[in-house]
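Worksheet: one structure, shown below.
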Amino acid sequence: MVDPNGDPLASAQLEKAVEAIRAGKLVAFPTETVYGLGADATNADAVASIFAAKGRPAFNPLIIHVASMEKAVQLVEFNDHAKLLAETNWPGPLTIVLPRKDDCPVALLAGAGLETLAIRVPENSYARKFLSRVDVPIAAPSANKSGSVSPTTADHVRESLGDVVDLILDDGPCQIGLESTIIDLTDDVPVLLRSGGVTIEMLERQIGSIQAAVDDNSAPKAPGMLSRHYATSIPLRMNATELEEGEALLAFGGRTLGPAPAVCNLSRAGDLNEAAANLFDMMRKLDRPDLKGIAVMEIPKTGLGRAINDRLRRASR
Ligand code: AMP
Ligand code: MG
(Lines give C-alpha, C1' and ligand atoms only; values in the text may rest on other atoms or scores of the structure.)
(Ligands and ions follow the chains in the order given, each with its own letter.)
Protein backbone atom coordinates (compact mmCIF):
# COMPACT_ATOMS: atom_id res chain seq x y z
CA MET A 1 0.00 0.00 0.00
CA VAL A 2 1.34 3.43 -0.90
CA ASP A 3 1.60 5.91 1.94
CA PRO A 4 1.51 9.39 0.41
CA ASN A 5 2.89 10.80 3.69
CA GLY A 6 5.99 8.67 3.84
CA ASP A 7 6.66 7.98 0.15
CA PRO A 8 8.14 10.99 -1.71
CA LEU A 9 7.14 9.53 -5.08
CA ALA A 10 3.53 9.12 -3.96
CA SER A 11 3.33 12.66 -2.55
CA ALA A 12 4.80 14.09 -5.77
CA GLN A 13 2.10 12.20 -7.70
CA LEU A 14 -0.51 13.55 -5.33
CA GLU A 15 0.62 17.13 -5.94
CA LYS A 16 0.42 16.52 -9.70
CA ALA A 17 -3.06 15.11 -9.25
CA VAL A 18 -4.20 18.18 -7.33
CA GLU A 19 -2.85 20.44 -10.07
CA ALA A 20 -4.52 18.35 -12.76
CA ILE A 21 -7.92 18.48 -11.01
CA ARG A 22 -7.62 22.25 -10.56
CA ALA A 23 -6.89 22.53 -14.30
CA GLY A 24 -10.10 20.63 -15.11
CA LYS A 25 -8.30 17.43 -16.11
CA LEU A 26 -9.06 13.77 -15.44
CA VAL A 27 -7.30 11.79 -12.70
CA ALA A 28 -7.80 8.06 -12.14
CA PHE A 29 -7.56 7.26 -8.44
CA PRO A 30 -7.76 4.15 -6.28
CA THR A 31 -10.62 3.49 -3.86
CA GLU A 32 -11.28 0.34 -1.84
CA THR A 33 -13.99 -0.65 -4.35
CA VAL A 34 -12.64 0.02 -7.87
CA TYR A 35 -10.47 2.68 -9.55
CA GLY A 36 -12.42 5.86 -10.27
CA LEU A 37 -12.09 8.30 -13.17
CA GLY A 38 -12.25 11.60 -11.31
CA ALA A 39 -12.79 15.24 -12.19
CA ASP A 40 -13.76 18.40 -10.29
CA ALA A 41 -17.51 17.90 -9.82
CA THR A 42 -18.09 21.66 -9.75
CA ASN A 43 -16.53 22.10 -13.21
CA ALA A 44 -19.12 21.14 -15.87
CA ASP A 45 -16.51 21.02 -18.66
CA ALA A 46 -14.34 18.65 -16.66
CA VAL A 47 -17.38 16.46 -15.92
CA ALA A 48 -18.23 16.41 -19.64
CA SER A 49 -14.71 15.06 -20.30
CA ILE A 50 -15.47 12.09 -18.04
CA PHE A 51 -18.42 11.11 -20.23
CA ALA A 52 -16.37 11.67 -23.38
CA ALA A 53 -13.53 9.49 -22.03
CA LYS A 54 -15.88 6.64 -21.05
CA GLY A 55 -17.61 6.73 -24.43
CA ARG A 56 -21.04 6.00 -23.00
CA PRO A 57 -23.95 6.77 -25.36
CA ALA A 58 -25.99 8.16 -22.43
CA PHE A 59 -25.42 10.36 -19.39
CA ASN A 60 -25.33 8.30 -16.22
CA PRO A 61 -25.37 10.13 -12.89
CA LEU A 62 -21.92 9.94 -11.30
CA ILE A 63 -21.00 9.24 -7.71
CA ILE A 64 -19.64 12.32 -5.92
CA HIS A 65 -16.65 11.52 -3.71
CA VAL A 66 -15.77 13.71 -0.72
CA ALA A 67 -13.22 13.46 2.10
CA SER A 68 -15.62 13.64 5.04
CA MET A 69 -19.17 13.91 6.33
CA GLU A 70 -18.54 17.65 6.90
CA LYS A 71 -17.97 18.05 3.15
CA ALA A 72 -20.97 15.85 2.28
CA VAL A 73 -23.44 17.96 4.31
CA GLN A 74 -22.47 21.00 2.23
CA LEU A 75 -23.80 19.28 -0.90
CA VAL A 76 -26.94 17.30 0.03
CA GLU A 77 -29.77 17.34 2.58
CA PHE A 78 -29.24 14.62 5.18
CA ASN A 79 -32.16 12.99 7.02
CA ASP A 80 -31.99 10.72 10.10
CA HIS A 81 -31.51 7.48 8.15
CA ALA A 82 -28.77 9.03 6.08
CA LYS A 83 -26.97 10.41 9.15
CA LEU A 84 -27.09 7.02 10.81
CA LEU A 85 -25.82 5.13 7.77
CA ALA A 86 -23.11 7.69 7.08
CA GLU A 87 -21.89 7.64 10.68
CA THR A 88 -21.75 3.85 10.73
CA ASN A 89 -20.43 3.12 7.25
CA TRP A 90 -18.27 6.07 6.18
CA PRO A 91 -15.54 6.00 5.21
CA GLY A 92 -16.45 2.88 3.27
CA PRO A 93 -18.12 1.23 0.26
CA LEU A 94 -21.56 2.79 0.73
CA THR A 95 -23.04 5.40 -1.62
CA ILE A 96 -26.07 7.37 -0.43
CA VAL A 97 -28.49 9.17 -2.77
CA LEU A 98 -29.98 12.36 -1.27
CA PRO A 99 -31.57 15.62 -2.49
CA ARG A 100 -29.15 18.32 -3.65
CA LYS A 101 -28.95 21.41 -1.48
CA ASP A 102 -30.23 24.58 -3.14
CA ASP A 103 -26.74 26.06 -3.21
CA CYS A 104 -25.02 22.79 -4.12
CA PRO A 105 -22.01 23.71 -6.29
CA VAL A 106 -21.88 20.35 -8.10
CA ALA A 107 -22.48 20.70 -11.86
CA LEU A 108 -25.95 19.49 -12.92
CA LEU A 109 -24.28 17.28 -15.54
CA ALA A 110 -22.54 15.26 -12.79
CA GLY A 111 -25.97 14.15 -11.55
CA ALA A 112 -27.33 13.80 -15.11
CA GLY A 113 -29.69 16.66 -14.36
CA LEU A 114 -31.38 14.95 -11.39
CA GLU A 115 -32.44 16.75 -8.20
CA THR A 116 -30.50 14.17 -6.20
CA LEU A 117 -26.84 13.28 -5.87
CA ALA A 118 -25.09 10.04 -5.00
CA ILE A 119 -22.40 10.71 -2.36
CA ARG A 120 -19.65 8.60 -0.86
CA VAL A 121 -16.68 8.96 1.48
CA PRO A 122 -14.24 6.23 0.39
CA GLU A 123 -11.98 4.53 2.89
CA ASN A 124 -8.78 3.96 0.89
CA SER A 125 -6.14 6.16 2.53
CA TYR A 126 -4.65 7.36 -0.76
CA ALA A 127 -8.13 8.33 -1.98
CA ARG A 128 -8.85 10.22 1.24
CA LYS A 129 -5.54 12.05 1.04
CA PHE A 130 -6.32 12.99 -2.58
CA LEU A 131 -9.85 14.16 -1.69
CA SER A 132 -8.76 16.29 1.25
CA ARG A 133 -5.90 17.86 -0.72
CA VAL A 134 -8.04 18.82 -3.76
CA ASP A 135 -10.77 20.14 -1.47
CA VAL A 136 -13.45 19.99 -4.17
CA PRO A 137 -16.01 17.22 -4.59
CA ILE A 138 -14.77 14.67 -7.12
CA ALA A 139 -17.24 13.16 -9.61
CA ALA A 140 -16.12 9.69 -10.60
CA PRO A 141 -17.51 6.63 -12.35
CA SER A 142 -15.41 3.49 -12.64
CA ALA A 143 -12.25 4.17 -14.68
CA ASN A 144 -13.01 2.00 -17.69
CA LYS A 145 -14.46 2.43 -21.17
CA SER A 146 -18.21 1.90 -21.31
CA GLY A 147 -19.09 -1.77 -21.56
CA SER A 148 -15.87 -3.17 -20.12
CA VAL A 149 -15.42 -4.45 -16.58
CA SER A 150 -14.55 -2.16 -13.67
CA PRO A 151 -10.80 -1.72 -13.09
CA THR A 152 -9.29 -2.97 -9.84
CA THR A 153 -5.65 -2.20 -10.67
CA ALA A 154 -3.88 0.80 -12.21
CA ASP A 155 -2.90 -1.46 -15.15
CA HIS A 156 -6.57 -2.11 -15.90
CA VAL A 157 -7.07 1.66 -16.09
CA ARG A 158 -4.04 2.06 -18.36
CA GLU A 159 -5.34 -0.66 -20.70
CA SER A 160 -8.84 0.82 -20.92
CA LEU A 161 -8.28 4.58 -20.69
CA GLY A 162 -4.51 5.12 -20.94
CA ASP A 163 -4.93 7.39 -23.94
CA VAL A 164 -7.47 9.77 -22.39
CA VAL A 165 -6.72 9.98 -18.67
CA ASP A 166 -4.24 12.68 -17.65
CA LEU A 167 -2.84 10.94 -14.57
CA ILE A 168 -3.27 7.58 -12.82
CA LEU A 169 -2.63 7.35 -9.09
CA ASP A 170 -1.39 3.82 -8.43
CA ASP A 171 -2.10 2.19 -5.08
CA GLY A 172 -1.94 -1.44 -6.19
CA PRO A 173 -5.00 -3.70 -6.32
CA CYS A 174 -8.28 -2.49 -4.74
CA GLN A 175 -8.99 -4.11 -1.35
CA ILE A 176 -12.64 -4.92 -2.08
CA GLY A 177 -12.73 -5.00 -5.86
CA LEU A 178 -16.53 -4.77 -5.86
CA GLU A 179 -18.52 -1.60 -6.51
CA SER A 180 -20.08 0.35 -3.66
CA THR A 181 -23.57 -0.46 -2.43
CA ILE A 182 -25.96 2.33 -3.49
CA ILE A 183 -28.95 3.19 -1.33
CA ASP A 184 -31.50 5.87 -2.18
CA LEU A 185 -32.69 7.71 0.96
CA THR A 186 -34.48 10.51 -0.87
CA ASP A 187 -37.93 9.29 0.14
CA ASP A 188 -39.23 7.81 3.41
CA VAL A 189 -38.73 4.26 2.18
CA PRO A 190 -35.05 3.40 1.67
CA VAL A 191 -34.39 1.80 -1.73
CA LEU A 192 -31.43 -0.37 -2.66
CA LEU A 193 -30.20 0.71 -6.12
CA ARG A 194 -27.14 -1.52 -6.34
CA SER A 195 -25.69 -4.27 -4.16
CA GLY A 196 -22.00 -3.99 -3.43
CA GLY A 197 -19.38 -3.74 -0.71
CA VAL A 198 -21.85 -3.35 2.21
CA THR A 199 -24.54 -6.04 2.42
CA ILE A 200 -28.25 -5.22 2.60
CA GLU A 201 -28.48 -7.28 5.83
CA MET A 202 -25.91 -5.01 7.47
CA LEU A 203 -27.81 -1.92 6.36
CA GLU A 204 -31.21 -3.31 7.45
CA ARG A 205 -29.82 -3.96 10.93
CA GLN A 206 -29.06 -0.25 11.07
CA ILE A 207 -32.19 1.37 9.60
CA GLY A 208 -34.83 -1.37 9.21
CA SER A 209 -36.31 -2.73 6.01
CA ILE A 210 -34.99 -1.63 2.63
CA GLN A 211 -36.87 -2.00 -0.63
CA ALA A 212 -35.34 -3.47 -3.76
CA ALA A 213 -35.39 -1.00 -6.62
CA VAL A 214 -38.13 -1.49 -9.17
CA ASP A 215 -38.86 0.66 -12.17
CA ASP A 216 -42.28 1.72 -13.43
CA ASN A 217 -42.85 -1.74 -14.96
CA SER A 218 -41.95 -3.44 -11.67
CA ALA A 219 -38.82 -4.90 -13.23
CA PRO A 220 -35.54 -4.69 -11.32
CA LYS A 221 -33.82 -1.39 -11.97
CA ALA A 222 -30.35 -1.93 -13.37
CA PRO A 223 -27.73 0.64 -12.39
CA GLY A 224 -27.85 3.53 -14.77
CA MET A 225 -31.30 2.66 -16.09
CA LEU A 226 -33.02 5.30 -14.04
CA SER A 227 -36.68 5.79 -14.84
CA ARG A 228 -36.54 9.06 -12.95
CA HIS A 229 -34.95 11.84 -14.96
CA TYR A 230 -35.37 15.49 -15.58
CA ALA A 231 -38.06 16.20 -18.17
CA THR A 232 -38.99 19.73 -19.18
CA SER A 233 -42.53 20.72 -18.26
CA ILE A 234 -43.06 22.37 -21.67
CA PRO A 235 -42.75 20.37 -24.93
CA LEU A 236 -39.28 19.88 -26.36
CA ARG A 237 -38.79 19.36 -30.10
CA MET A 238 -35.56 17.98 -31.56
CA ASN A 239 -33.79 18.59 -34.89
CA ALA A 240 -35.76 21.79 -35.40
CA THR A 241 -35.10 23.62 -38.66
CA GLU A 242 -37.52 26.48 -38.06
CA LEU A 243 -39.20 28.10 -35.07
CA GLU A 244 -42.88 27.90 -34.24
CA GLU A 245 -44.74 30.80 -32.66
CA GLY A 246 -43.81 31.28 -28.98
CA GLU A 247 -41.07 28.65 -28.93
CA ALA A 248 -37.74 29.14 -27.19
CA LEU A 249 -34.60 28.20 -29.10
CA LEU A 250 -31.90 25.87 -27.84
CA ALA A 251 -29.26 26.49 -30.47
CA PHE A 252 -26.06 24.69 -31.39
CA GLY A 253 -23.30 26.16 -33.52
CA GLY A 254 -23.03 29.54 -35.25
CA ARG A 255 -26.44 29.54 -36.95
CA THR A 256 -29.77 30.62 -35.52
CA LEU A 257 -33.36 29.91 -36.60
CA GLY A 258 -34.50 33.52 -36.29
CA PRO A 259 -35.87 35.60 -33.41
CA ALA A 260 -37.25 33.68 -30.41
CA PRO A 261 -38.67 34.88 -27.06
CA ALA A 262 -35.75 33.11 -25.31
CA VAL A 263 -32.52 31.72 -26.68
CA CYS A 264 -29.66 29.65 -25.26
CA ASN A 265 -26.74 28.34 -27.29
CA LEU A 266 -25.24 25.02 -26.19
CA SER A 267 -22.02 25.89 -28.01
CA ARG A 268 -21.51 28.64 -30.56
CA ALA A 269 -18.26 26.96 -31.59
CA GLY A 270 -20.12 23.68 -32.20
CA ASP A 271 -18.08 21.99 -29.45
CA LEU A 272 -19.85 18.89 -28.08
CA ASN A 273 -17.94 18.96 -24.78
CA GLU A 274 -19.13 22.51 -24.15
CA ALA A 275 -22.65 21.56 -25.24
CA ALA A 276 -22.76 18.66 -22.75
CA ALA A 277 -21.51 20.94 -19.98
CA ASN A 278 -24.32 23.45 -20.72
CA LEU A 279 -27.15 21.00 -21.49
CA PHE A 280 -28.98 20.64 -18.15
CA ASP A 281 -28.55 24.27 -17.09
CA MET A 282 -29.96 25.50 -20.41
CA MET A 283 -32.84 23.00 -20.43
CA ARG A 284 -33.85 24.36 -17.03
CA LYS A 285 -33.36 27.96 -18.05
CA LEU A 286 -35.71 27.61 -21.04
CA ASP A 287 -38.30 25.51 -19.20
CA ARG A 288 -40.62 28.48 -18.51
CA PRO A 289 -44.43 28.33 -18.36
CA ASP A 290 -44.71 31.49 -20.48
CA LEU A 291 -43.05 29.70 -23.42
CA LYS A 292 -44.88 27.33 -25.83
CA GLY A 293 -42.02 24.85 -26.07
CA ILE A 294 -38.34 24.43 -26.76
CA ALA A 295 -37.03 23.93 -30.28
CA VAL A 296 -33.63 22.25 -30.27
CA MET A 297 -31.40 22.50 -33.33
CA GLU A 298 -29.77 19.38 -34.74
CA ILE A 299 -26.80 18.10 -32.74
CA PRO A 300 -24.28 15.76 -34.38
CA LYS A 301 -24.62 12.14 -33.26
CA THR A 302 -20.91 11.55 -32.74
CA GLY A 303 -18.91 11.41 -29.50
CA LEU A 304 -20.71 13.21 -26.68
CA GLY A 305 -23.41 14.15 -29.20
CA ARG A 306 -24.87 10.65 -28.82
CA ALA A 307 -25.43 11.13 -25.08
CA ILE A 308 -26.82 14.64 -25.65
CA ASN A 309 -29.28 13.32 -28.25
CA ASP A 310 -30.25 10.43 -25.97
CA ARG A 311 -31.02 12.86 -23.16
CA LEU A 312 -33.02 15.22 -25.38
CA ARG A 313 -34.98 12.29 -26.81
CA ARG A 314 -36.07 11.25 -23.30
CA ALA A 315 -37.09 14.83 -22.53
CA SER A 316 -39.04 15.16 -25.79
CA ARG A 317 -41.43 12.30 -25.03
P1 AMP B 1 -20.55 3.86 -11.47
O2 AMP B 1 -20.47 4.64 -12.76
O3 AMP B 1 -20.16 2.43 -11.66
O4 AMP B 1 -19.83 4.52 -10.36
O5 AMP B 1 -22.09 3.81 -11.09
C6 AMP B 1 -22.77 4.94 -10.65
C7 AMP B 1 -24.20 4.54 -10.45
O8 AMP B 1 -24.72 5.30 -9.37
C9 AMP B 1 -25.12 4.89 -11.60
O10 AMP B 1 -25.16 3.88 -12.54
C11 AMP B 1 -26.46 5.07 -10.93
O12 AMP B 1 -27.16 3.84 -10.90
C13 AMP B 1 -26.11 5.44 -9.51
N14 AMP B 1 -26.46 6.84 -9.22
C15 AMP B 1 -25.63 7.89 -9.24
N16 AMP B 1 -26.28 9.03 -8.94
C17 AMP B 1 -27.56 8.69 -8.71
C18 AMP B 1 -28.73 9.41 -8.38
N19 AMP B 1 -28.73 10.74 -8.19
N20 AMP B 1 -29.87 8.73 -8.24
C21 AMP B 1 -29.89 7.39 -8.41
N22 AMP B 1 -28.82 6.65 -8.74
C23 AMP B 1 -27.66 7.28 -8.90
MG1 MG C 1 -18.96 1.20 -14.02
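Please state which one of THR33, THR116, THR95, THR42 is near ligand 1 (Cβ under 9 Å from one of its atoms), in contact (Cβ under 8 Å) with a residue 40 or more places away in the chain and more than 21 Å from GLN175 (Cα to Cα).
From the options THR33, THR116, THR95, THR42, the qualifying one is THR116.
If LYS301 passes every condition in (1) in contact (Cβ under 8 Å) with a residue 60 or more places away in the chain; (2) over 13 Å from ALA231 (Cβ atoms) but one, which one does it miss?
For LYS301, the failing item is (1).
Touching a residue at least 12 places away in the same chain (Cβ under 8 Å), surrounded by fewer than 22 Cβ atoms within 10 Å (Cβ to Cβ) and of a type in the set (D, E, K, R) - does that describe any residue in segment 147-159?
No: segment 147-159 contains no residue that is touching a residue at least 12 places away in the same chain (Cβ under 8 Å), surrounded by fewer than 22 Cβ atoms within 10 Å (Cβ to Cβ) and of a type in the set (D, E, K, R).
Here are the criteria: (1) under 29 Å from THR232 (Cα atoms); (2) assigned to a loop (DSSP other than H, G, I, E, B); (3) within 12 Å of ligand 1 (Cβ to nearest atom); (4) not charged (D, E, K, R). Tell me which single one VAL149 does not satisfy.
(1)
Out of curiosity, is LYS101 closer than 29 Å to ASP310 by Cα, among the basic types (Lys, Arg) and either away from ligand 2 (no atom under 16 Å from the Cβ) or touching a Phe, Trp or Tyr at 6+ places or on another chain (Cβ under 6 Å) (or both)?
Spelling it out, LYS101 is indeed closer than 29 Å to ASP310 by Cα, among the basic types (Lys, Arg) and either away from ligand 2 (no atom under 16 Å from the Cβ) or touching a Phe, Trp or Tyr at 6+ places or on another chain (Cβ under 6 Å) (or both).
So, PHE130, is that one aromatic (Phe, Trp, Tyr) and closer than 25 Å to PHE280 by Cβ or not?
No; evaluated as a whole, the condition is false for this residue.
Is one or more of the residues making up segment 16-27 closer than 15 Å to VAL121 by Cβ and crowded, with 18+ Cβ neighbours inside 10 Å?
no
Residues are listed down the side, and each one gets a yes or a no for (1) under 16 Å from VAL198 (Cβ atoms); (2) buried (at least 19 other Cβ atoms within 10 Å of the Cβ); (3) touching a strand residue (DSSP E or B) at 6+ places or on another chain (Cβ under 6 Å):
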{"residue": "SER68", "(1), (2), (3)": "no, no, no"}
{"residue": "VAL73", "(1), (2), (3)": "no, no, no"}
{"residue": "HIS81", "(1), (2), (3)": "yes, yes, no"}
{"residue": "VAL97", "(1), (2), (3)": "yes, yes, yes"}
{"residue": "ASP103", "(1), (2), (3)": "no, no, no"}
{"residue": "ALA107", "(1), (2), (3)": "no, yes, no"}
{"residue": "LEU114", "(1), (2), (3)": "no, yes, no"}
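I'd like the full set of residues that are assigned to a helix (DSSP H, G or I) and surrounded by fewer than 15 Cβ atoms within 10 Å (Cβ to Cβ), limited to segment 261-280.
Within segment 261-280, none qualify.
If I ask for residues that are assigned to a loop (DSSP other than H, G, I, E, B) and in contact with a helix residue (DSSP H, G or I) (Cβ under 6 Å, 6 or more places away or on another chain), which ones from segment 91-117 would you list?
Correct list: ALA107, GLY113.
Residues in segment 72-80: is at least one assigned to a helix (DSSP H, G or I) and touching a residue at least 12 places away in the same chain (Cβ under 8 Å)?
yes
Mind listing just one residue for me: the one in segment 215-234 that is surrounded by 15 or more Cβ atoms within 10 Å (Cβ to Cβ) and more than 16 Å from ligand 1 (Cβ to nearest atom) and, of those, modelled with the lowest pLDDT?
Applying the filter and picking the extreme gives THR232.
Does ILE21 count as away from ligand 1 (no atom under 12 Å from the Cβ) and in contact with a strand residue (DSSP E or B) (Cβ under 7 Å, 6 or more places away or on another chain)?
yes
The values are calculated or read from the model by the stated rules, or taken from the named source; none is laboratory data. As the structure is a computational prediction, the values presented were derived from the model and not from experiment. Glycine also receives a Cβ, built like all others from the backbone with ideal geometry; neighbour counts cover every protein chain displayed.
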